[in-house]
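Trainee: Encoded as structure tokens, here's the structure I'll be asking about.
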Amino acid sequence: MQTDQSRRRFLHTGTGAVSASWLAAQWPLALKAAEQAAAARDSQRPFQHLGTAEAKDFEAIAARIVPTTDTPGAREIGVIYYIDTAIGGWMEGVEQMLRPALADLNATVTERYGAQHFHLLDGEAQDALLGEIEAGPLFQTLRFMTLCGCFALPSYGGNRNRLGWALIGFDHRHVWFPPFGHYDAGHHEARAAAPAPRQHSEPQRHGR
Amino acid sequence: MAGSPTYPTREAVDFVVIGSGAAGGVMARELSVAGFNVVVLEQGPYRRAHDFTHDEIGVVFQGELSLDPAEHPQTFRARPEQNAEVPPQGAGLPPAWYAAGVGGSSVHFTGNYWRFRPVDFKERSLLGEIEGTTFADWPLTYEELEPYYTRVDWEIGVSGAPGPFDPPRSRPYPVPPLPLKSSGAILERGAKALGLHPQVAPMAILSKPHNGRPACIHCGFCLGFGCEMNAKSSTLAAMIPQAEATGRCEIRTGCTVMRLEHDERGRIRDVVYLDENGVEQAQRTRAAVLSANGAESARLLLLSQSAQHPDGMANGSGMVGKNLMFNAHSATHAWFEEPLNEFKSVQCTRIVHDFYETDPKRGFYGGGGIDARPLVNSWPILFAMGGIAPGLPTWGAEYKRLLERYFTRNMSVLGNCTSLAMERNSISLDPELKDVFGRPAVRVTYEDHPDDLATARFMQDQSVAILEAAGAQRLWRDEVRPSTGGPHLLGTCRMGDDPDRSVVDRYHRAHEVNNLFVVDGSNFVTSGRGQPTMTIQALAFRAAEHMTKAARAGEI
């Protein structure tokens, strides 16, 4: 199962500032977080853990990572609801890094642009600022949270109406039938057109 | 079904089996079906099919099928002269990675079920000594093991069809191959264009109902996940229910074994463990079967020191924990023009075994098999995090466009390769770090032999050639680097005829302790070609048969 080694590589390169062991330690909270997320989203209540201004900033960052184009982006997919519930649930503790880092970012926003908040800038200015911090923990953690918010089970608060999955062509069903994709389609058609296959219980060629 | 027994701890049972994974599940079933009273001690929980999910956050990021690394830390070093350290935060999986729970890692495995070939058991004789290694022949042959491979096919449940390089088999596969996927079709096309011989991937996942279990419904969540259908042939699905149905097998979960204790004659008398409430218990037994995997079986022997066994139980040879082999590997990734939809169905449907054997012309020892699969890119979050080709944007509109296009259009080709056994690669007890139960942590020392890395690079070159021949739009390699861990935990209680060079004999009995057996991947003498589980289980069926005969003859 060599795949597992590559899986570790993805955890390593992908989570960046987010410690996988720290993530792993939080798992008992996940179910609670998922339930809270769904409840909050369905009731249209205000955020449970985020303040209004910081929610707008985090959402603005998420929306530069997966922007709204001719298809839905992080904003429409509801990533901010994932972030809200994750920091009060299975990623609890991460706000201790996120909040000071966001304050630093907003200090730069004020210094350069005279605005109080990142979310008040236009997209070009936002991208320029994010480009400067993209290797750092704020951006990497929000990138991770944005992708979770787009592509995790909707019960975690994001992936609203499964828009994230629809974006990439993932369909979460339990049952599939061949053909599965373009390159195996001919194979299955040929088999269907062929005479009935030989019963499997008949003698096989037993190798050499 | 008979009721599950509850054995008193102070009365001896016939066997205590430590671990319920790929090997332990087979031992539990075989020994209880043979009429023995069996207690299985499993450190993880008892999950059933309906407990498994498609939750990528829970399973992948929170590792809910594995132990909590905060409670069970491990340390790693490349060389024995270095200090071992806990891998830095963010490094992900522990160096010796396995699932905890009834069924062990057979619950979350991919299910690649390659038999060894005859050559695997006698390469040392054929190829000669390799300096700096403990390269050796196995004390058994393919022909001796073949009947047990066939039992794995039929009793565990393997889907497949014969291939051109397969060793002889005494019976056909019980169920036909799983349906071809696009990654398999692409591998087939590329390999044929190069004059190679792609073949059906044998998989421990049912294509048709078999032994009262249902067929796969192609949900796509095999690798890393537990099967919600019992179609994956884990021991949880295939063996444990049959063991419990005898009425003679008790599965005790949440039980962490601390040490083995022997009597004045040197026979194992008690298996000392912490029960699910953390209370120390001792199960009296007539014999013990250690099937805890190549890391934990070795650790438990090293922890079981006594005046008779100052360096650990059954370790007079000093070989306990030595000769660790992870299986070297390579990964190559590609994008194609049309959708493959690799998130559907099982991981692998086609393999290439043309490069299986060592070829002296290459200039190094080793060989392997190639397979095609989505790898981790069938999971949406991990694909988004790491599935985009190097050098392309990782956020923004273009990144989003790449996600939209290539989630359905990517695949990977893996090289699954040999590892040479060396004494310097080992599982040992960390001298400082303790786990949550106060036991010395697992310390992994590992550095691939140069031939292992050369083999992996060679296999990656073949993978690239196949993907190019198949018309990949874009392809890229994961650089082959020295291993820092893995899920294949092989070699640490080697089997052999020489008590000075091995831990167990050819029938898995510890050379130094008459009623102690070690049955799992730790017994491997050589690594095979990267897919060990089928051989672990064939060995387990064989071991159980010999143990049954020996016990009935009063020889345990």
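Trainee: Go through segment A:117-134 and give me each residue that's under 21 Å from A:Gln96 (Cα atoms) and in contact (Cβ under 8 Å) with a residue 24 or more places away in the chain.
Mentor: Within segment A:117-134, A:His117, A:Phe118, A:His119, A:Leu130, A:Ile133 qualify.
Trainee: So which residues in segment B:354-400 are facing chain A (nearest Cβ under 10 Å), under 24 Å from B:Met203 (Cα atoms) and charged (D, E, K, R), if there are any at all?
Mentor: Once the filter is applied, which keeps residues that are facing chain A (nearest Cβ under 10 Å), under 24 Å from B:Met203 (Cα atoms) and charged (D, E, K, R), segment B:354-400 yields B:Asp371, B:Arg373.
Trainee: Which strands (runs of 3 or more DSSP E) does segment B:278-382 wholly contain that include 1 or more residues that are under 30 Å from A:Asn159 (Cα atoms), of a type in the set (Phe, Trp, Tyr) and touching a Leu at 6+ places or on another chain (Cβ under 8 Å)? Let's see the steps before the verdict.
Mentor: Working: elements: B:280-284, B:288-290, B:329-335, B:350-352, B:368-373.
So the answer is B:329-335.
Trainee: Tally time: how many residues in segment B:154-183 are within 25 Å of the chain's Cα centre (by Cα), at the interface with chain A (Cβ under 7 Å from one of its Cβ atoms) and closer than 19 Å to B:Leu375 by Cα?
Mentor: Of the residues in that region, 3 qualify.
Trainee: Counting only residues that are assigned to a helix (DSSP H, G or I), under 26 Å from the mean Cα position of the chain (by Cα) and at pLDDT 95 or above, how many does segment B:383-400 have?
Mentor: Summing the residues that are assigned to a helix (DSSP H, G or I), under 26 Å from the mean Cα position of the chain (by Cα) and at pLDDT 95 or above in segment B:383-400 gives 1.
Trainee: Of a type in the set (A, V, I, L, M), in contact with a Gly (Cβ under 8 Å, 6 or more places away or on another chain), buried (at least 22 other Cβ atoms within 10 Å of the Cβ) and more than 14 Å from every other protein chain (Cβ to nearest Cβ) - does that describe any residue in segment B:478-496? Don't jump to the end; show me each part of the working.
Mentor: Going through segment B:478-496, the residues of a type in the set (A, V, I, L, M) turn out to be B:480, B:489-490, B:495.
Checking which are in contact with a Gly (Cβ under 8 Å, 6 or more places away or on another chain) leaves us with B:489-490.
Applying the additional criterion that residues be buried (at least 22 other Cβ atoms within 10 Å of the Cβ) yields B:489-490.
Filter once more, so that each one left must be more than 14 Å from every other protein chain (Cβ to nearest Cβ): none.
No - not one qualifying residue is present in segment B:478-496.
Trainee: OK, next. Here are some residues: B:Phe36, B:Phe116. Which one is of a type in the set (Phe, Trp, Tyr) and either open to solvent by 40 Å² or more (accessible area, probe 1.4 Å) or within 28 Å of B:Ser159 (Cβ to Cβ) (or both)? Outline the logic, then answer.
Mentor: Numbers: B:Phe36 fails: either open to solvent by 40 Å² or more (accessible area, probe 1.4 Å) or within 28 Å of B:Ser159 (Cβ to Cβ) (or both).
Selected residue: B:Phe116, the only one of B:Phe36, B:Phe116 that is of a type in the set (Phe, Trp, Tyr) and either open to solvent by 40 Å² or more (accessible area, probe 1.4 Å) or within 28 Å of B:Ser159 (Cβ to Cβ) (or both).
Trainee: So B:Arg151 clears everything in (1) touching a Pro at 6+ places or on another chain (Cβ under 9 Å); (2) open to solvent by 10 Å² or more (accessible area, probe 1.4 Å) except one condition, right? Which one?
Mentor: With respect to (1) touching a Pro at 6+ places or on another chain (Cβ under 9 Å); (2) open to solvent by 10 Å² or more (accessible area, probe 1.4 Å), B:Arg151 is out only on (1).
Trainee: Could I ask something else about it? Could you list, in sequence order, the residues of segment B:197-243 that are charged (D, E, K, R) and open to solvent by less than 30 Å² (accessible area, probe 1.4 Å)? Give the derivation first.
Mentor: Step one: list which residues in segment B:197-243 are charged (D, E, K, R), which gives B:208, B:213, B:228, B:232.
Result: B:Arg213, B:Lys232.
Trainee: What is the number of the single condition among (1) in contact with a strand residue (DSSP E or B) (Cβ under 6 Å, 6 or more places away or on another chain); (2) crowded, with 23+ Cβ neighbours inside 10 Å; (3) among the charged types (D, E, K, R) that B:Arg474 does not meet?
Mentor: Only one criterion is unmet by B:Arg474, namely (2).
Trainee: Please enumerate the residues belonging to segment B:44-78 that are open to solvent by less than 40 Å² (accessible area, probe 1.4 Å), more than 9 Å from chain A (Cβ to nearest Cβ) and assigned to a loop (DSSP other than H, G, I, E, B).
Mentor: The answer is B:Gly44, B:Phe52, B:Leu65, B:His72, B:Ala78.
Trainee: Follow-up question, since we're still on this one. So in segment A:178-187, with the set limited to residues that are more than 7 Å from chain B (Cβ to nearest Cβ) and closer than 20 Å to B:Ala161 by Cβ, which one is modelled with the highest pLDDT?
Mentor: At the first step, the residues of segment A:178-187 found to be more than 7 Å from chain B (Cβ to nearest Cβ) are A:179, A:185-186.
Now narrow it down to the ones that are closer than 20 Å to B:Ala161 by Cβ: A:179, A:186.
On the way: A:Pro179: 97, A:Gly186: 89.
Among those residues, the one meeting the criterion is A:Pro179.
Trainee: Can you report the number of residues in segment B:404-428 which are under 30 Å from B:Pro198 (Cα atoms) and in a helix (DSSP H, G or I)?
Mentor: Going residue by residue through segment B:404-428, those that are under 30 Å from B:Pro198 (Cα atoms) are B:405-421.
Now restrict to residues that are in a helix (DSSP H, G or I): B:405-406.
Selection size over segment B:404-428: 2.
Trainee: All but one of (1) at pLDDT 90 or above; (2) not in a loop (DSSP other than H, G, I, E, B) hold for A:Gly158; state the number of the condition that does not hold.
Mentor: Checking A:Gly158 against (1) at pLDDT 90 or above; (2) not in a loop (DSSP other than H, G, I, E, B), the one that fails is (2).
Trainee: Of everything in segment A:133-170, what is out of contact with any His (no Cβ under 8 Å at 6 or more places or on another chain), at the interface with chain B (Cβ under 9 Å from one of its Cβ atoms) and open to solvent by 20 Å² or more (accessible area, probe 1.4 Å)? Give them in sequence order.
Mentor: A:Glu134, A:Ser155, A:Gly169
Trainee: How many residues are buried (at least 22 other Cβ atoms within 10 Å of the Cβ) and either modelled with pLDDT under 95 or of a type in the set (Gly, Ala, Ser) (or both) when one looks only at segment B:165-186?
Mentor: The number of residues fulfilling the criteria is 4.
Trainee: Of the residues that sit in segment A:63-81 and are more than 10 Å from every other protein chain (Cβ to nearest Cβ) and not in a loop (DSSP other than H, G, I, E, B), which one is most open to solvent (accessible area, probe 1.4 Å)?
Mentor: Within segment A:63-81, the match that is most open to solvent (accessible area, probe 1.4 Å) is A:Arg75.
Conditions (1) modelled with pLDDT of 95 or more; (2) over 19 Å from B:Gly35 (Cβ atoms); (3) more than 27 Å from the chain's Cα centre (by Cα), marked per residue:
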position: B:Ala243; (1), (2), (3): yes, no, no
position: B:Thr253; (1), (2), (3): yes, yes, no
position: B:Met258; (1), (2), (3): yes, yes, no
position: B:Arg265; (1), (2), (3): yes, yes, yes
position: B:Tyr273; (1), (2), (3): yes, yes, no
position: B:Gly278; (1), (2), (3): yes, yes, yes
position: B:Ala282; (1), (2), (3): yes, yes, yes
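Trainee: What residue, of B:Ala421, B:Ala469, B:Ala441, B:Ala456, is among the small types (Gly, Ala, Ser) and more than 23 Å from the chain's Cα centre (by Cα)? Before you say what the answer is, go through the steps one by one.
Mentor: Numbers: B:Ala421 fails: more than 23 Å from the chain's Cα centre (by Cα); B:Ala441 fails: more than 23 Å from the chain's Cα centre (by Cα); B:Ala456 fails: more than 23 Å from the chain's Cα centre (by Cα).
Answer to the check: B:Ala469.
Trainee: For the subset of segment A:82-97 comprising residues that are farther than 19 Å from A:Gly158 by Cα and in a helix (DSSP H, G or I), which member is nearest to the other protein chains (Cβ to nearest Cβ)? Walk me through how you get there before you give the answer.
Mentor: First pass over segment A:82-97, keeping only residues farther than 19 Å from A:Gly158 by Cα: A:93, A:96-97.
Checking which are in a helix (DSSP H, G or I) leaves us with A:96-97.
Values: A:Gln96: 15, A:Met97: 13 Å.
The selected residue is A:Met97.
Trainee: Looking for something in a helix (DSSP H, G or I), farther than 20 Å from A:Lys56 by Cβ, open to solvent by less than 60 Å² (accessible area, probe 1.4 Å) and not charged (D, E, K, R) - is there at least one such residue anywhere in segment A:105-123? Show your work before the answer.
Mentor: Taking segment A:105-123 as the starting set, the residues that turn out to be in a helix (DSSP H, G or I) are A:105-113, A:118-120, A:123.
Those left that are additionally farther than 20 Å from A:Lys56 by Cβ: none.
No, there is no match, as no residue in segment A:105-123 is in a helix (DSSP H, G or I), farther than 20 Å from A:Lys56 by Cβ, open to solvent by less than 60 Å² (accessible area, probe 1.4 Å) and not charged (D, E, K, R).
For every residue, the table says whether it meets (1) closer than 30 Å to A:Gly73 by Cα; (2) open to solvent by 20 Å² or more (accessible area, probe 1.4 Å).
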| site | (1), (2) |
| --- | --- |
| B:Ala389 | yes, no |
| B:Leu392 | yes, yes |
| B:Glu398 | yes, yes |
| B:Asn416 | no, no |
| B:Leu429 | no, yes |
| B:Val444 | no, no |
| B:Ala456 | no, no |
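The values are calculated or read from the model by the stated rules, or taken from the named source; none is laboratory data. From a predicted model like this one, the values you see are computed outputs, not experimental measurements. Here Cβ is always computed from backbone atoms with ideal geometry, including for glycine, and neighbour counts include all displayed protein chains. Ligands, DNA and RNA are excluded from the accessible area calculation, which covers all protein heavy atoms including side chains. Shrake-Rupley method; radii C 1.70, N 1.55, O 1.52, S 1.80 Å.
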